[in-house]
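The values are calculated or read from the model by the stated rules, or taken from the named source; none is laboratory data. All values reported here derive from a predicted model rather than from experimental measurement. Reconstructed Cβ throughout: ideal geometry from the backbone, glycine too, with neighbour counts over all protein chains shown. The accessibility values were calculated without ligands, DNA or RNA, using every heavy atom of the protein model including side chains. Shrake-Rupley method; radii C 1.70, N 1.55, O 1.52, S 1.80 Å.
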Amino acid sequence: MKRILLVCLLALPLLSGCQSAYYSAMEKVGIHKRDILVDRVEDTRTAQNDAQEEFVSALEQFRKVVNFDGGELESVYNDMQSAYDDSEAAAESVSDNIRKVEDVAEALFDEWQEELDQYTNTKLRSQSAQTLKETKSRYNALHTRLKRSEAKMQPVLAALKDNTLFLKHNLNARAIGSLKGEFGGIKRDIDRLLAEMQRSIQASDQFIKEMQQ
């Protein structure tokens, strides 16, 4: 049994089936689901900050492509491909962290709701139920922001990939001319993405602050 638990702890959060064992083990050392939720929101905020940097870098690399004026075009393509790969990895990290937040939030609220039935003091039960309602409301507001920012990443990644593929198979001046017409739309979409991610980060800051009061 101890060996199974150890495997779960090492593999989490990759193995969702071990989540309950993980939460139980953490509780035994004084770390509760509420604490884990805050930690995972912090991790998601960090991932979003990193993703912002990668998308900005990808935009700047795309700008270099459309402003290309001589030199080794294949080298420019390689840099663009690398910038896309980094953006994609950063986006995946954001999504992975959001999934972790969702998992622990669901576990926390389910447990909290079930434990309301264990109260014998009606007044304390009512107060706990109200706190649960307020915490759920704050979390739902945060979750909406997280999902909005996550959704905006995919169209940007798709556009970056399309243009990267086009350059890969058309390493010539005509291709550069075609990509120039795409730059404005991609810049606009990335600007909107960055703004949405910033609102999500601010929502995370507020949620963390309220949970730690």
Expressed in angstrom and rounded, the centroid-to-centroid distance over alpha carbons for segment 19-51 and segment 156-213 is 28
Between the modelled labels at residue 118 and residue 170 (7 Å from Cα along Cα→Cβ) the distance in nm is 6.4
Virtual spin-label span in nm between residue 126 and residue 49, 7 Å along Cα→Cβ: 4.3
Using a 1.4 Å probe on the protein heavy atoms, what percent of the accessible area of the chain belongs to carbon and sulfur? 48
Cβ-Cβ cut-off under 12 Å around residue 200, Lys and Arg +1, Asp and Glu -1: the net charge is +3
Can you give the local net charge around residue 184? Use residues other than it whose beta-carbon is closer than 14 angstrom to its beta-carbon, Lys and Arg +1, Asp and Glu -1. +2
Cross-link pairs 100/133; 100/187; 28/123; 100/152; 33/133; 28/147 - those with Cα-Cα distance over 26 Å: 100/187; 28/123; 28/147
What FRET efficiency comes out for the pair residue 141/residue 67, r = Cβ-Cβ distance, R0 = 45 Å, nearest 0.05? 0.60
Could you state the angle between the C-alpha long axis of helix 122-168 and the longest principal axis of the C-alpha atoms of the chain, as a value from 0 to 90 degrees rounded to the nearest 10? 20
Kindly rank 161-170, 31-40 from highest to lowest mean number of other beta carbons found within 10 Å of each residue. 31-40, 161-170
Would you mind working out the magnitude of the charge dipole of the chain relative to its Cα centre, with +1 at each Lys and Arg C-beta and -1 at each Asp and Glu C-beta, to the nearest 20 Debye? 560
Cβ neighbours within 10 Å, averaged per peptide: list 107-115, 140-148, 86-94 in order, most packed at the top. 86-94, 140-148, 107-115
As an exercise, identify the GluC sites (Glu not before Pro) in segment 121-213 lying in DSSP coil whose Cβ has no more than 15 other Cβ atoms within 10 Å. none
If you take the charge dipole of the chain about its Cα centre, with +1 on Lys and Arg Cβ and -1 on Asp and Glu Cβ, which of 197, 121, 36 is farthest toward its positive end? 121
Efficiency of FRET from Cβ geometry, residue 60 and residue 27, R₀ 45 Å, rounded to 0.05: 0.45
Would you mind telling me which residue in 26, 80, 197 has the biggest mean-square fluctuation in a Gaussian network model of the chain, where springs connect alpha carbons within a distance under 10 angstrom? 26
Label residue 133 and residue 20 with points 7 Å out from Cα along Cα→Cβ: what is the distance between them in nm? 2.9
